[in-house]
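The structure appears below as structure tokens.
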Amino acid sequence: MSESSEKTPIRGPFPGIGRTRANPKSRSSLGALVTDVPKLLTKLVRDEVEQGKRELISTGTKYGIAVGLFAAAAFFALTLWAVLVTAAVLGLNTVFAPWLSALIVAGAFLLLVIVLGLAGYLALKRAGKLAPERTIASVKQDVNAVKGLGQYE
């Protein structure tokens with residue numbers, strides 16, 4: 001085994017921390033195995049926490065964008081309401097021109113609200129679930145490995 005391949009991280013039940021071995025199944029003394037357990041568990045917990053953080057940050061960013069798009073849609077919906085109220089008032093005062101221009105502006109805002117609302121909805125659907133699913137699956141796999149369940153090399 002070359003020196004560069006010995007330094008690559010091994011993701012498996014027995015990575016052999018502190019030793020360089022070609023085969024993780026090679027026989028070691030019980031004392032060596034017992035002394036490796038705290039290091040292995042510490043590294044496993046750290047790796048799982050880091051993976052969970054990365055996954056939550058990624059999903060949180062997607063949810064943040066979706067919430068921002070909904071907030072923009074809400075702002076323009078409030079503006080639309082103000083324009084519609086103005087159009088109604090002007091429509092009662094005159095017969096044609098002022099309220100027609102106000103309705104054109106309201107129509108433009110309505111289109112903006114629809115586009116931003118749909119974009120927010122699609123971004124929220126793409127974001128997926130908020131729970132870190134890969135991390136949960138990985139932790140379940142680790143627990144099964146500790147219990148001796150599952151198949152490993």
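Structural remarks
- Distance between the pseudo-spin-label points of LYS140 and VAL49 (7 Å out from Cα toward the beta carbon): 2.4 nm.
- FRET efficiency, ALA131 to THR42 (Cβ-Cβ, R0 22 Å, nearest 0.05): 0.35
- The charge dipole of the range 25-80, taken about its Cα centre with unit charges on the Cβ atoms of Lys, Arg (+1), Asp and Glu (-1) only, comes to about 260 debye.
- Separation of the LEU110 and LEU149 label points, Cα + 7 Å toward Cβ, nm: 5.7
- D (Stokes-Einstein, µm²/s), Kirkwood Cα radius, the range 47-134, 1.306 mPa s at 10 °C: 104
- Per-residue ³J(HN,Hα) for the range 47-57, Karplus 6.51 cos²θ - 1.76 cosθ + 1.60, θ = phi - 60°, Hz, x for Gly and Pro: 4, 5, 5, 5, 5, x, 4, 4, 5, 5, 5
- Lys/Arg +1, Asp/Glu -1 at C-beta; the range 112-153 dipole; positive extreme among ALA131, GLY120, VAL143: GLY120
Every number here is computed from the coordinates shown, using simple stated rules; none is lab data. The model shown is predicted, which means the values in this text are computed figures rather than measured ones. Here Cβ is always computed from backbone atoms with ideal geometry, including for glycine, and neighbour counts include all displayed protein chains.
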